[in-house]
1. Suppose the filter is of a type in the set (Val, Ile, Thr), away from ligand 1 (no atom under 16 Å from the Cβ) and under 18 Å from A:Leu378 (Cα atoms); does B:Thr64 pass it?
2. Would you call A:Ala248 within 30 Å of A:Ser35 (Cα to Cα) and in contact with a His (Cβ under 9 Å, 6 or more places away or on another chain)?
3. Please indicate, with yes or no, whether at least one residue in segment A:197-214 is surrounded by fewer than 17 Cβ atoms within 10 Å (Cβ to Cβ) and away from ligand 1 (no atom under 16 Å from the Cβ).
4. Report those strands (runs of 3 or more DSSP E) wholly inside segment A:19-124 carrying at least 3 residues which are out of contact with any His (no Cβ under 9 Å at 6 or more places or on another chain), in the same structural domain as A:Lys249 (by TED's automatic domain parsing) and of a type outside the set (Phe, Trp, Tyr).
5. Looking at segment B:11-25, can you tell me whether even one residue there is within 13 Å of chain A (Cβ to nearest Cβ), surrounded by 23 or more Cβ atoms within 10 Å (Cβ to Cβ) and touching a residue at least 60 places away in the same chain (Cβ under 8 Å)?
6. Among the residues of segment B:17-38, are any basic (Lys, Arg), out of contact with any Lys or Arg (no Cβ under 6 Å at 6 or more places or on another chain) and in a strand (DSSP E or B)?
7. Quickly run through segment A:235-279 and pick out the residues that are of a type in the set (Ser, Thr, Tyr) and open to solvent by less than 70 Å² (accessible area, probe 1.4 Å).
8. Before we move on, is B:Cys33 within 14 Å of chain A (Cβ to nearest Cβ), within 16 Å of ligand 2 (Cβ to nearest atom), open to solvent by 60 Å² or more (accessible area, probe 1.4 Å) and closer than 16 Å to B:Lys99 by Cα?
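The values are calculated or read from the model by the stated rules, or taken from the named source; none is laboratory data. As the structure is a computational prediction, the values presented were derived from the model and not from experiment. Note that we place each Cβ from the backbone using ideal geometry, even for glycine, and neighbour counts take in every protein chain shown. Keep in mind that these areas ignore ligands, DNA and RNA; they rest on the heavy atoms of the full protein, side chains included. Shrake-Rupley method; radii C 1.70, N 1.55, O 1.52, S 1.80 Å.
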Amino acid sequence: MDRVVYMDHASTTPTDPEVVAVMLPWMSEQFGNPSTMYSLGLRGAKVVQNARESIAHTINADPEEIYFTSGGTEADNWAILGVADAHSKKGRHLITSTIEHHAVLESMEYLEKRGCEITRVPVDGGGLIDPEEVRRALRPDTVLVSIMYANNEIGTIEPIADIGRITREAGVLFHVDAVQAAGKLPLDVEELGVDMLSMSAHKFYGPKGVGLMYLRKRTRVTPLLHGGGQERGRRAGTTNVPGIVGMAKALELADNRMAEDAVREAALRDRLWEGLSAGIEAIHLNGDPVRRLPGNLNVRLDGIEGESMVLMLDMEGICVSSGSACTTGSLEPSHVLLAIGIPAEHAHGSLRATLGRSTTTEDVDHFIKVFPPIVDRLRQMSPIWCENCVCKQRN
Amino acid sequence: MYSELVMEHFRNPRNIGVIENADGVGEVGNPQCGDMMRITIKVKDDILEDIKFQTLGCGAAVATSSMVTEMAKGKKLDEAMDITNQAVAEALGGLPPAKMHCSNLAADGLQAAIKDYRARHKA
Ligand SMILES: Cc1ncc(COP(=O)(O)O)c(C=O)c1O
Ligand code: FES
């Protein structure tokens, strides 16, 4: 009963012990500030440079195009606000999608309140963006297109390379939030045709509070953080040496085992879906059945609300999350589920399980075993679930 | 984030279900908002003899529903009408601020059921 089945890897991942090990010296004896002139600090500068080179190599970029940040949120904010500011003479129109992470959507809203125009391209029922929609949204005053590589809720993988060809042809900057994709999908900034890309270490078994922005050479972006001249004057703040060292190691590990992890996690995810759909009635898959991240399963269940499922699964030691408004404190259910056309009352009954490296067949089978009685119990207490009522016949 | 008492009511909700041939039915909330509650009551000599609920909603919604039925059972209708959402939340040892609105369901549902009873039994 003390067993914990962690199935919320899209939220965060446990830091790999190998990553922790390489970080430790940089928090203890090697604590120096890399912006100093003595060897204690310079050793830090050297190891950060190595990390920069290693990450740059993995994503096919130049080391000078990597800027370390405090995570995905900062990188997304910086890309959007920084481009809008630096290119305001060209125009004040930005393009994004309806299913972006809040770090992107809220940055766009911030700009909208200050006079920018934002176009949010729609997605289909699986969460896929049609690149032609992006093309149609382009205008002479468009300064940025920002589209995520993979969605954090339903795992949909967007056609980034196709969009990249369109933006490049139009001469418009292209930012990609690759926070969910990094470590899981191949990232080659040349093949993808992106100018900016956000990553966050804690999503790929690295530490929390560190991330990066890839920024193509000669791209004009106003800094978000002003202060000391770190990161070639574009991102101030004392360098997070242990975090950066950890992120580089985590990305290296993820890159080495990417294909193997993907096959294993997709197989486990499919086993979970088959088991759940066989044992529970009125359960539906949210998102694209094929073009999705390997470990991502997102389902909705008629007649129940998500938070109560999350709480009951927690009593069985299972960690998952839900698209219900009740779990977020807002009154709106997930904007992603609404954008793919799921009615609000069903979006509230959604559950996301994201599998990862530590997930075993036993974990999956445990879930398949304990979930149906929870669903039964919640449906028994539900005012909108009854054996013969209309709400059920609708489906 | 929830108090132990809230979790206890969530784990073991009191008075779940529907009373057949109820004297009063109260339905509040809306599935589109993710929360909805139905309360059925049995009244005898102006006293809430029995009360049952069904709730769709978060942990707080379930716990406040359960608590309000406990508080109301055996009470005179007028006394039951006076139970406030605030009182239900307090009886549970408080709710997280973002969840205070969930407690609205409970007392509102009870009051709706009593009003329904009174409407049906107007002399
Ligand atoms: C798609 C996406 N973008 C951005 C973020 C924010 O990243 P961070 O947690 O590093 O701020 C997340 C993580 O929740 C995410 O899933
Ligand atoms: S019922 Fe939705 S937040 Fe409580």
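1. Against the criterion (of a type in the set (Val, Ile, Thr), away from ligand 1 (no atom under 16 Å from the Cβ) and under 18 Å from A:Leu378 (Cα atoms)), B:Thr64 qualifies.
2. Numbers: within 30 Å of A:Ser35 (Cα to Cα): yes; in contact with a His (Cβ under 9 Å, 6 or more places away or on another chain): no.
Here the answer is no, as A:Ala248 does not meet what is asked.
3. Applying the first criterion (surrounded by fewer than 17 Cβ atoms within 10 Å (Cβ to Cβ)) to segment A:197-214 yields A:208-209.
Those still in the list that are away from ligand 1 (no atom under 16 Å from the Cβ) too: none.
So far as segment A:197-214 goes, no, none of its residues is surrounded by fewer than 17 Cβ atoms within 10 Å (Cβ to Cβ) and away from ligand 1 (no atom under 16 Å from the Cβ).
4. Numbers: elements: A:66-69, A:93-97, A:117-121.
Fully inside segment A:19-124 and qualifying: A:93-97.
5. Within segment B:11-25 (the criterion being within 13 Å of chain A (Cβ to nearest Cβ), surrounded by 23 or more Cβ atoms within 10 Å (Cβ to Cβ) and touching a residue at least 60 places away in the same chain (Cβ under 8 Å)), the answer is no, since none of the residues qualifies.
6. Looking only at segment B:17-38, we keep the residues that are basic (Lys, Arg), and these are B:38.
Add one more test, that the residue is out of contact with any Lys or Arg (no Cβ under 6 Å at 6 or more places or on another chain), and what stays is B:38.
Next cut, in a strand (DSSP E or B) only: B:38.
The answer is yes, given that some residue of segment B:17-38 is basic (Lys, Arg), out of contact with any Lys or Arg (no Cβ under 6 Å at 6 or more places or on another chain) and in a strand (DSSP E or B).
7. Listed by number, the residues that qualify are A:Thr239, A:Ser277.
8. When the stated conditions are applied, B:Cys33 passes them.
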